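Taken together, the values in this text are just the output of simple stated rules run on the coordinates, not laboratory data. Please read all numbers here as calculations on a predicted model, not as lab measurements. Every residue, glycine as well, gets a Cβ built from its backbone with ideal geometry; the counts of neighbours run over all protein chains shown.
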Amino acid sequence: MTSKTEKPVLLTIRGLRIEGRSEETWSEIVKGVDITLHKGEVLGLIGESGAGKSTIGLAAMGFARDGCRISGGTIDFDGIDLRKAPETERRGLRGKRIAYVAQSAAASFNPAHKLIDQYCEAPVQHGVMDRSEAEGDAVELYRRMRLPNPEEIGFRYPHQVSGGQLQRAMTAMAMACRPDLIIFDEPTTALDVTTQIEVLSAIRDIVAQFDTAAIYITHDLAVVAQMADKIKVLLKGDEVEEADTRTMLANPQQDYTKSLWAVRSYARPVQPPVTDATPVVSVKAVTAGYGAVDILKNINFDIHKRRTVAVVGESGSGKSTAARVITGLLSPRQGQVLFDGKALPPDYRNRSRDQLRQAQMIYQMADTALNPKLRLRDLIGRPAQMYLGLQGKALTERIRNLLELIELEPDQYIDRLPSELSGGQKQRIGIARALAAEPKFIICDEVTSALDQLVAEGILKLLDKLQSEFELAYMFITHDLATVKSIADEVVVMKDGRVVEQGPKPEMFQPPHDPYTELLLSSVPEMDPDWLTNLLNERKQKENS
C-alpha cells in the first residue's frame with residue numbers, strides 16, 4: 001500500500017480515554033490514544049486481546065458499548081466534534097458517512113430479512129436514494145464484491161449464503177451510502193484462506209474505487225500488511241508505536257512489536273508414523289448429509305493415540321460435518337466410525353455413557369459455548385459429575401486440578417463467571433471442560449481462529465502439553481495453515497465433501513500437491529505488503545494464458 005498523507009485529514013483523535021465498568025467500579029481501558037487518518041487512507045490497528053482495538057474503532061464513530069464511556073480526549077470527524085455533537089447528529093453520520101463492518105457477519109444480519117432489504121435500509125432512511133435505486137445499486141456492489149449471481153443473491157436470507165459471501169454482502173452494505181470512513185473489525189477472522197483472499201481483494205478494491213478511509217482492526221499481521229497504509233500497535237489500551245506499513249514490517253522499534261512479529265515460531269516435533277497400532281478413531285467409507293444432499297462422500301481417515309490430525313479445507317468442504325458424524329450427532333448414510341477398533345452406534349443416543357465420555361469437543365467460539373450464568377466450578381464440574389460420578393470434596397479437588405492443568409490459579413478463578421475472563425481464558429475453560437471427562441479423543445473445532453496470535457500460540461502449547469501428558473488423540477479442524485504447521489502430525493485436505501489428499505505433515509507441505517492443496521497453500525498471506533497484489537496478478541495471468 002502507498003502513503004496517502006497528501007490528502008485532507010478526515011479523522012483526528014487526540015488523547016482518547018475510555019473507561020469500562022466492572023460492577024460499580026470504572027477503570028481505564030484506553031489510555032490517551034492519538035489517531036490521524038487522511039481521506040482514502042487505511043490504518044491498521046493491531047494488538048492482542050484487551051488492547052482496546054475494537055473499543056477505539058467504535059469510538060471513531062462517537063460510540064461506546066454498554067458498560068463503557070468515553071472519558072477524555074477529542075474525536076474530530078471532518079470538522080465535527082463527535083463528543084460534543086448531539087446524538088441525533090451522530091446517528092445521522094452512522095451508516096451514511098461512517099460505516100461499520102463487524103467480525104461476525106452471521107451474528108450481525110437480521111435472519112428474518114433478505115439481504116437486499118437490509119442493504120436498502122440505510123440509503124433509503126438517510127435519503128441517499130429511493131428503494132428502486134438502492135436495489136439497483138445493491139446489484140452493482142454485489143458484482144463489484146464478486147458475489148455469485150449478483151442479480152439474485154440479494155433475495156436470499158442470511159442463512160442461505162456462505163460465511164464468505166455474507167461477509168462480502170456486509171461490506172457491500174457498509175458501502176451503500178458511499179461513506180467517507182469504514183471501520184473493519186476483524187472481517188476475515190472466521191474465513192478460510194481461499195475465501196479470505198476474495199474478501200480482502202474485494203475490500204481493497206472497493207475502498208480504492210471510492211477513496212474511502214478505513215480503520216482495519218485485526219490480530220493477523222500478514223493480513224494487515226496487505227490492507228494498511230500505516231500500522232498502530234496497541235497494548236492494554238496504550239500506544240506502543242506507529243509507522244507506515246513497510247517501515248513497521250521491516251524495522252519495528254519496540255520489544256512488544258518485535259514479539260508480535262516473532263509469534264508462530266512454535267512447532268511441536270513431528271511424531272514418527274504409526275503403522276501397526278489400532279487407531280483411536282477410524283472413519284471408514286463414510287457418506288453423510290442433510291435431507292437429500294450428500295455433504296460427505298466416501299471419506300476415510302484414521303487418528304492414533306498421541307497424534308494430531310489436522311482436517312483442513314474451505315467453508316462447505318465437510319470438516320464440521322465429519323465431526324458431527326464422529327460424535328454421533330449425524331448418522332451416516334453409508335460407512336461407519338470405529339473407536340479402538342469397535343464400531344460406534346451411529347446415533348449418540350444409542351451410545352453408552354463410556355462411549356460418550358471418550359470423545360469430547362472444544363468449540364470455536366468460547367463466548368457462545370460457555371453458559372454465561374454458570375460459574376467455572378459448575379462448567380468444569382458437570383462432566384466430571386456426569387461421567388465419573390464425582391461429588392463433594394472429590395469433585396472440588398478435580399475442578400481445582402483441572403484449573404491448574406490449564407494454568408489458571410484455582411483460588412482466583414473457580415468462582416468466576418465467563419464474563420470475567422478474557423477470550424484466551426475462556427478457551428482454556430473449554431479445554432478443561434473437555435478434559436473433565438477423561439477422554440481419549442478430543443475434537444478441536446477452530447479453537448484458535450478467534451484469538452490473537454500470542455494467545456493462540458499459548459493455547460497450542462497447552463494442547464501439546466496435555467496431549468503428551470494424557471496420550472490424547474486430536475482431530476484439529478482449522479482453516480489456518482499456520483496452526484497446521486505448528487501442531488499437526490498428519491493432514492487431511494477436504495474439498496466438496498471428499499478427501500482430496502492426506503498424509504504426514506512434512507509430505508503435505510512439500511510438492512507435488514493436489515491442485516486444490518496447492519491453492520490452499522498459495523492462499524496463506526505472507527508478511528509482505530506486495531503479496532496479495534502479486535498473487536492476484538499471477539492468478540489473472542494463469543486465467544488469461
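Annotation: amide H of Val500 within the under-5 Å range of Val493, Met494, Lys495, sequence separation 5 or more or interchain, hydrogens built in the peptide plane. Measuring between their Cα centroids, region 348-373 and region 294-317 lie 19 Å from each other. Each principal axis of the Cα cloud of region 464-545 was taken in turn, and the coordinate range along them, longest first, works out to 52, 30, 21 Å. By the Kirkwood approach, averaging reciprocal distances over each pair of separate Cα atoms, region 152-297 gets a hydrodynamic radius of 19.2 Å. For the chain, find the longest principal axis of its Cα atoms and tell me its angle to the long axis of helix 453-470, 0 to 90°, nearest 10. So the helix axis and the longest Cα principal axis differ by about 0 degrees. Which option, (1) 26.9; (2) 21.4; (3) 40.5, is the value of mean projected area of the Cα convex hull in nm² that was calculated from these coordinates? From the options (1) 26.9; (2) 21.4; (3) 40.5, the structure gives (1). Think of each Lys and Arg Cβ as +1 and each Asp and Glu Cβ as -1; about the Cα centre, that makes the dipole of region 72-175 roughly 320 debye.
Counting only DSSP H runs of at least 4 residues, each contributing -39500 (n - 2.57), and dividing by the residue count of the chain, the helix-based mean residue ellipticity at 222 nm comes to -11000 deg cm²/dmol.
This model, with +1 at the C-beta of Lys and Arg and -1 at the C-beta of Asp and Glu, gives region 195-337 a dipole about its Cα centre of some 920 debye. Of interest is the spacing of the C-alpha centroids, which for region 401-469 and region 197-258 amounts to 29 Å. List the pairs from Lys114/Lys297; Lys53/Lys461; Lys440/Lys485; Lys461/Lys505 whose alpha-carbon separation is above 29 Å, in the order I gave them. Pairs exceeding the cut-off: Lys114/Lys297. The largest-to-smallest principal axis extents of the Cα set in region 256-329 are 53, 34, 17 Å. Rounded to the nearest 20, the Cβ-based charge dipole of region 353-436 about its Cα centre (Lys and Arg +1, Asp and Glu -1) stands at 300 debye.
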